[in-house]
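Here the structure comes first, spelled out in structure tokens, and everything after it is commentary.
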Amino acid sequence: MKTVCLIGKPNTGKSSIFNRLIKEKKAIIMDEPGITRDRIFGVVNYQNKKFNLIDTGGLHGENDNFDKDILMQAELAIDESDMILFVVDGECDIDATDIKIRNMLKKSGKEVIVLVNKIDNEKRKYNIYNYYELGFETIIPVSAEHNLGFNALLALITKDIKEVEDTIDEAIRFCFIGRPNTGKSSLINAILNEDRAIVSDVAGTTIDAVDTKFKYNNKEYIVVDTAGMRKKGRIYENLEKYSLMRSMKAIEDSDVCVLVVDANTGIIEHDKHILSYAIKSGKGIVIAVNKWDTVKNPNEDIKKWKKELEVYFKFVPYINFVFTSAKTRKRINDIIMEVDRAYENNNKEIKTSLLNDIIAEAVSLHEPPSYKGKRLKIYFASQTSNRPPKFTFHVNNKKLIHFSYERYLENKIRENFDLTGTPIVLQFKNRNDK
């Protein structure tokens, strides 16, 4: 598809325009400059026409030099794009930074449209003529806040795009979650084999949830990088609260979640809390132990690590671990393999006849315990949904089910069907209930 990117100074409203065009609140919007750092990707749909849209960080810096990391991301976005939307602030005059960005865009040789944002009344419309000094032919006034001027913009962008029929995106969507600085962005770069996400030793470099589509072994995937999830007691700033909300939404929108654990710092209690978000959302789950290249005796330590992981995550014995390194790219492909497995099992459907055979055998081997002279009877079981797999048991009295027997039934189901990497739900209903 055609690719368009947004370039400009901080606080010109690029992220607001991005959200307007993709019709989704994907980019964080705040008055504080420099919120967007990584490239953020989205797809715009307009009158059966589609194009890719990239939001970039605001270009700024001291001593007339742009922030190095943000500039690199902006240059990559420009290189990937067919058209550039140069966003300027309609409430301000042209300054030296605008001129510097203009010079950079002129050198790119790409088609440029100047978007004068914050033009929300008749008086301000006259401000757009000042921006012809930038030397670009096409200037369009818009207001992201009031949703003005976007039809004219979209008509211009899509004039050479053919109409397409709506298709279902069958790409597997997975996200990396974990504490700050565990190497989530580095793992994504290793998978994609390019610097899509800013990587820094400073915790909290990733702010937005950033998603990227790619193909591996002829299968399509969307990988999502999320901000490091701190303990609630340590979330002081509004920005971190927004980042946490974005991370939670990324979990909700994903098929599989990969919890990244740092081999340097080891496992802590907060890793369990982060994992619990994915479990409660019913997602497929993989655990990746990153920075394995820093372990001095990997062959010896892997046994110790496996035992430690089994102890810490004993409440989820169905999850597989991958010991990997973003730096050396060791076992990077194993992450994709485990994502595939967790996805397939999260979507698995089990035949009713097979399920009832397993449950009947389980009951014959170990009858439910009696309570006050009454015993649980299971008449019938069936899988009633997936993502995650949900099994409904029709019984004589659901109050007779004990948590230990419920766990026993879950174990029997898992022993007979491969449900690695996915939580499952057991529901009990009285036979006479509607």
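Any read-out appearing in this document is the output of simple, stated calculations on the displayed coordinates, not a laboratory observation. Predicted, not measured: the structure shown is a model, and the values here were computed from it. Note: ideal-geometry Cβ built from the backbone for every residue, glycine included; neighbour counts use all protein chains shown.
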May I ask you to work out the translational diffusion coefficient for region 359-434 at 25 °C, viscosity 0.890 mPa s, via Stokes-Einstein with Rh from the Kirkwood sum over Cα pairs, reported in whole µm²/s?
189 µm²/s
Within straight cross-link reach of residue 372, meaning Cα distance under 21 Å, which lysines are found once same-chain residues fewer than 8 apart are removed?
398, 399, 429
Write out the GluC sites (Glu not before Pro) in region 329-373 meeting two conditions: DSSP loop, and at most 16 other Cβ atoms within 10 Å of their Cβ.
349
Using Cα-only point scatterers and the Debye equation, what is log10 of I(q)/I(0) for region 325-376 at each q in 0.17 Å⁻¹, rounded to two decimals?
-0.73
Show which lysines lie in cross-link reach of residue 330 when reach means a straight Cα distance below 24 angstrom and same-chain residues fewer than eight apart are skipped.
184, 213, 215, 219, 291, 296, 303, 304, 306, 307
Of the peptides 100-109, 294-303, 76-85, how do they stack up when ordered by the mean number of other Cβ atoms within 10 Å, highest first?
76-85, 100-109, 294-303
Quickly rank 252-258, 270-276 as a protection proxy: mean count of other C-beta atoms within 10 Å, highest first.
252-258, 270-276
Sorting check: for 284-290, 261-267, which peptide has the highest mean count of neighbouring beta carbons within 10 Å, and how do the rest follow?
284-290, 261-267
